[in-house]
Amino acid sequence: MNFRSALRRAFRHALEGLAADGVAAIGPDDIAGLLEQVRETADATFGDYSGTMAMGLAKKAGRKPRDVAVEIIRRLEAAPGYAAVFEPPGDPVGPGFINVRVTDAALAAAVTRAVADQRLGVAAAEAPLTVVVDFSSPNVAKPMHVGHIRSTVIGDALARILRFRGHRVITDNHLGDWGTQFGMILWGWKHCRDEAAYALDPTAELGRLYRLVRRVADAKPEELAADPAAAALAAQHPDAAREVLAETARLHEGDPENRRLWEAFMPVCRGEIDRIYARLHVTFDHTLGESFFQPLLAGTVRDLEARGLARESRGAVGVFLRGDDGPPLLIRKADGAFLYATTDLATIRWRLEHWKPDRILYVVDHRQSEHFEQVFEAARRWGLPGLDDVELVHVAFGTVLGEDGRPFKTRAGDTVGLEALLDEGVERAAAVVGSGDEGRGGMSAADRRRVAETVGIGAIKYADLAQNRTTDYVFSFDKMLQLNGNTAAYMQYAVARVEGIFTKGGVDREALRRHCAGVLVSDPRERALALQLLRFGEALEDVEADSRPNVLTAWLYDLAGCYSTFYDALPVLKAEGPERDSRLALCDLTGRVLRQGLDLLGIGTVERM
RNA sequence: GCACCCGUAGCUCAAUGGAUAGAGCAUCGGUCUUCGGAACCGAGGGUUGCAGGUUCGAGUCCUGCCGGGUGUACCA
């Protein structure tokens, strides 16, 4: 049961009646926007939901806002299905707020049904869509670092949530496996490889070559001053930057040696990132990297040229989106190599042909917003069949900062490796887990390690997801591992507390779910908890609307708060009869919803911690 | 130069144009003979960077400033 959806249906009926009766000129296209003004109240003293459209409609109707509200209310009460679920709205409040309260009977019935429901009372989307989620997409030749975690964690959460909502979700890791970074490794391999080191630890050696050559090619004085090896190499090869690009171009042209090296290096690079995905419990339906689309690139450029969208300029080929003055979107370099814009355009076409999506989400750093604007615009002008009906969305996110407010780096100024970051999170979590009450410990060393892994990884993910993704965020182990506040550890603890009740009480949860006669919502704290539980589906709808997982974390945190208040004030195991069953059912549903919600965020839970 | 993003409590952050701008941390106070106290309840703390404007209503939209970040023709 989604109360908000039910109430919006009733409001739709009321507003259509208003239009039909000539009270206000409301067109069919206006209705959806007006219905968005039906939402939960900011303060429970106003009721559960409110409609605020009367104030806006007043001018259009040429009447006072309160009069319009009265007209809406009269039709709302008469709407089919309204009275079965909601109390009569009464008079408008203030300038024209229409406040609505769910009846206790309807609330109790709905929460009782949710207890017996596999989907916890969450209705699936009425119109399932095919959604491609393009996320993570690291450059395989570079070590994964803290910057990759946001795309990976946010993208995975969005995919899980959309899937639970009933959409057909296709996740794709669009690996950077064909760009200049490979030219760096190829050049490094040819000029300064350490074969013994490569035989021992290929990943580390490729990482060393990448870091070394990047410094040589960039030739920034301050970096070279700090790195004598790079400085010496740079002095020896003043033309390194150009040579690196040449290696990349040769790879793209099919040069046998570079191709052979690429094929040798790829499994090494893939193994490295797959290990991290396994640890994060992140999976993909497809991993179609840039190299996969490489055969399509020449045709993409030709097609865009043939349609008069792209043309040669200063030796390169670009799509001029803003006339001749603005910078073009380059799709082929003067040396013949293709760019990521080329790949992105070819990828859109390929996805359209093979997956027929309704929506494609690109979970990528906000710094690339201009790139995506241009790519989306170029794709529209390209006139690909079916593209007019596809939503292309850049799900942008901010930078990860250190506690000094600068981009997150080690003291030495290097980017922080993702694996080291996860290790530190788990290590710190182990210290926190170990500090708990020994009396109910009894956990083996293996259990404690498992719990620390779940809590540590969960803390890192949750901290990222809990923040509005559009802003930069400050990475702090101390804050994310706090046991209070909106953190993974607090949420996981809430789950463990619920588990504890059933263990201690020896309650058969399956039987409870089947036989619970009815949940009671007579106490305000029971009522508040029940209502919050039933808003799970609304929270997921809101996450989808703006691709914002922090809406779900905030809702889960509120749920945990409702539960704590309920549990602190009212006896559960010590209650008797129907009241005991009712409260146990609320506990059971809370535990399952918290667990499901965390699972949708890609975060694990434990039975004891 | 131009474009985009950001500026909210001491700190880290919330708040689809709605009602009294909310949490956590920190500070101070309270509850309870612990159904997991890793809890609960409460207080103080704000001219939402500044100045205008639109609106019944602005942290949110528009304009101009100030401050910070990012991007800006051949990296991704």
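With +1 on each Lys and Arg Cβ and -1 on each Asp and Glu Cβ, and nothing else charged, work out how big the dipole of segment A:329-440 is about its Cα centre, in Debye to the nearest 20. Could you put the intermediate results ahead of the total?
Details: 14 positive and 20 negative charges, 99 e Å.
The calculated dipole for segment A:329-440 is roughly 480 debye.
Of the residues A:Met443, A:His394, A:Gln294, the one whose Cα sits farthest towards the positive end of the charge dipole of chain A is A:Met443 (charges of +1 on Lys and Arg Cβ, -1 on Asp and Glu Cβ, taken about the Cα centre). Classification of segment A:418-600 by its C-alpha gyration tensor yields an oblate form. The axis ratio a/c (a ≥ b ≥ c) is 1.5 or more, and b/c is at least a/b. Looking at the square roots a ≥ b ≥ c of the eigenvalues of the Cα gyration tensor of chain A, which shape do they give, rounded for a/c under 1.5, prolate if a/b is larger than b/c, or oblate? Oblate, because a/c is 1.5 or more while a/b does not exceed b/c. Alpha carbon centre of segment A:497-535 versus segment A:262-323: separation in Å? Value for the Cα centre distance between the two parts: 51 Å. Partner lysines whose Cα lies under 16 Å from the Cα of A:Lys461, excluding those fewer than 8 positions away in the same chain, are identified as A:Lys479. Computed from backbone phi, the HN-Hα couplings of segment A:391-402 come to 8, 9, 10, 8, 8, 8, 9, x, 7, 8, 10, x Hz, rounded to whole numbers (Karplus: 6.51 cos²θ - 1.76 cosθ + 1.60, θ = phi - 60°; Gly and Pro given as x). One decimal place: the segment A:Arg119-A:Arg168 gains 15.9 nm when fully extended, by the rule 0.36 nm per residue minus the C-alpha distance.
The alpha-carbon of A:Lys60 sits under 20 angstrom from the alpha-carbons of these aspartates and glutamates, leaving out residues fewer than 8 places away in its chain: A:Glu16, A:Asp21, A:Asp29, A:Asp30, A:Glu36, A:Glu71.
Determine the relative contact order of segment A:3-102: mean sequence separation of Cα pairs under 8 Å and six or more apart, normalised by residue count, in whole percent.
Details: 149 pairs, mean separation 30.7, N = 100.
Once normalised by length, the contact order is 31 percent.
Identify all aspartates and glutamates with a Cα-Cα distance to A:Lys409 below 20 Å; exclude those on the same chain that are fewer than 8 residues away in sequence. A:Lys409 reaches A:Asp218, A:Glu222, A:Glu223, A:Asp227, A:Asp365, A:Glu419, A:Asp423, A:Glu424, A:Glu427, A:Asp464, A:Asp472, A:Asp478.
Quick check: residue separation of A:Glu126 and A:Ser522 times 0.36 nm, minus the Cα distance between them. What number comes out in nm? Mind showing how you got there, number by number?
Working: separation 396, 0.36 × 396 = 142.56 nm, distance 3.26 nm.
Extra length from A:Glu126 to A:Ser522 when fully extended: 139.3 nm.
Summarising the strand pairing of chain A, around 50 percent of its internal DSSP beta bridges are antiparallel.
The peptide list A:364-375, A:552-563, put in order of mean Cβ contacts within 10 Å with the highest first, becomes A:552-563, A:364-375. Once C-alpha pairs closer than 8 Å and six or more residues apart are averaged by separation and normalised to the residue number of segment A:30-188, the relative contact order reads 16 percent. Our summary gives chain A a relative contact order of 15 percent, counting only alpha carbon pairs under 8 angstrom and 6 or more residues apart. Judged by the mean number of other Cβ atoms found within 10 Å, the most tightly packed of the peptides A:83-89, A:43-49, A:110-116, A:400-406 leads the ranking A:110-116, A:83-89, A:43-49, A:400-406. Averaging over all projection directions, the Cα-based convex hull of segment A:477-528 occupies 5.2 nm² in the image plane.
Bear in mind these aren't lab numbers, they're just calculated from the coordinates by the rules spelled out. Being a predicted model, the structure only gives us computed values, none of them experimental. Here the Cβ is made from the backbone with ideal geometry for all residues, glycine too, and neighbour counts use every protein chain on show.
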